[in-house]
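Report on the structure given below.
Rule-based calculations on the coordinates, nothing more; no lab input. Quick caveat, the model's predicted, so the values are computed rather than measured.
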Amino acid sequence: MSKPYPEEFREDVVRVARNRGPGVTVEQVAADFGVHAMTRWKWIRRSPGVH
């Protein structure tokens, strides 16, 4: 079964979320990309460099 989002897209979402400005919420970043906030959290947890 293929993943619903390409790896490059996931990496972009994680990068933007990590570099978001003050006052920008996780929910806002997720909404901007059209993904659920919990999905975005999972991608961050699975990305390299996160312990």
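Some observations on this one:
- Cα long-axis angle, helix 7-18 against the chain (0 to 90 degrees, to the nearest 10): 20 degrees
- Calculated over the range 1-42, the projected area of the Cα convex hull averaged across directions stands at 2.9 nm².
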